[in-house]
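Here's the structure we're looking at; comments come further down.
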Amino acid sequence: MTGSSVSFVRFTPCRGACRGTSSWRGSALTAGTIILQSVILSSCSGVQSALDPAGPEASDVATLFHVMLIGGVVIWLGVVGALFHAGRRAREPYSERTAGLVILWCGAIIPVIVLAALLSYAVWLMPNMRPWSSGGEGGLRQIEVSGEQFWWRVRYLDPEGNVLFETANEVVMPVGERVLFVLKSPDVIHSFWIPSLGGKMDMIPGRTNRLALEASKPGTYRGVCAEFCGPSHALMAFSVEALERGEFEAWLSGRQNAASNPGSQGLALFLRHGCNACHAIDGTDARGTIGPNLSAFGARGTVGAGTLPNTEEHIARFIRHPSEIKPQARMPSFGMIPEGDAEEIAAYLKGLK
Ligand code: CUA
């Protein structure tokens, strides 16, 4: 900035010269915008959308998004307006004093006020997502979830914190009740996120984080890992089923007595091939703790933590070549397993409900 004036980048808005062709272009632009908006907005609903909230915490997040969006649009309009104004005045430059005031107000004071207001609003909303905002953790139902490469260990806890039973890659919770998720990780940092129910929370090795969420309507939602954790980070999802209180209690007691079909040939093969070194099936001799607990596996919707639909064919495929489906999965390949054995084990697992 030298001399007695300052020049802004010259900007020449379209004036009379382009009016002749503007009407059809305008219509095409409007039609294009409407189509684009419908495509974009149609993806705002569904089982994994922060803009389709199914609980109070998620509603806070969606409200925050809309406030930020409106704030962003207002700021953008202000900046574009200032740009047009500067373009029109390109031939009559501002005095140095006016330019200095514009830079001070538009470059410092107004952004500080706007950002401070948006940040204060976000911080004011945040405590609702923490367990202590409802008067502490006492009395909240606890579900411990551990993010592991690349699946989710899920443990239902009693009020004293003892494990009732363990499952994997699925969370079932009651509607209309705040549930405390106790979040851990034994390997790398993962992040627990159920977009329809609330914000995300990191799962950090050596640390326990807590997140309280509530589902306000029954339904099935999708949870994901929101922190890059390795080659199969994107193949690490889980399902969340929100059930009415009575249905949830029935599920809870039924799940604690899940079938194990002890006399089946599939279980014998499961034990013979050493699957029990890593996996447990309640009510059998399979008590491994390294991999996912497979009790009631047939009731799950997917194989490999949201990777494939749960069919016997996909289970057998996963047994033979897990890393083909899930790169760097810790499960070893059982490609050399005798013909038919993987299918027999798959049928057994699919029958566990
Ligand atoms: Cu676990 Cu990304």
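The lysines within cross-link reach of Lys217, meaning a Cα-to-Cα straight distance under 22 Å and a gap of 8 or more places when in the same chain, are Lys200.
For the range 265-350, pairs of C-alpha atoms spaced more than 15 angstrom apart make up 54 percent of the total.
For Lys184, a cut-off of 14 angstrom between C-alpha atoms picks up these aspartates and glutamates, skipping any fewer than 8 places away in its own chain: Glu144, Glu148, Asp202, Glu227.
Going highest first, how would you order 216-226, 76-86, 182-192 by mean Cβ packing within 10 Å?
In decreasing order of mean packing, 216-226, 76-86, 182-192 become 182-192, 216-226, 76-86.
The lysines within cross-link reach of Lys350, meaning a Cα-to-Cα straight distance under 21 Å and a gap of 8 or more places when in the same chain, are Lys326. Projecting the alpha carbon convex hull of the range 45-257 along each direction and taking the average yields 15.7 nm².
Considering only beta bridges that DSSP places wholly inside the range 45-257, some 70 percent are antiparallel.
Every number in this text was worked out from the coordinates using simple rules, so none of it is lab data. Predicted, not measured: the structure shown is a model, and the values here were computed from it. Positions of Cβ are generated from backbone atoms using ideal geometry, with glycine treated the same way; all protein chains shown enter the neighbour counts.
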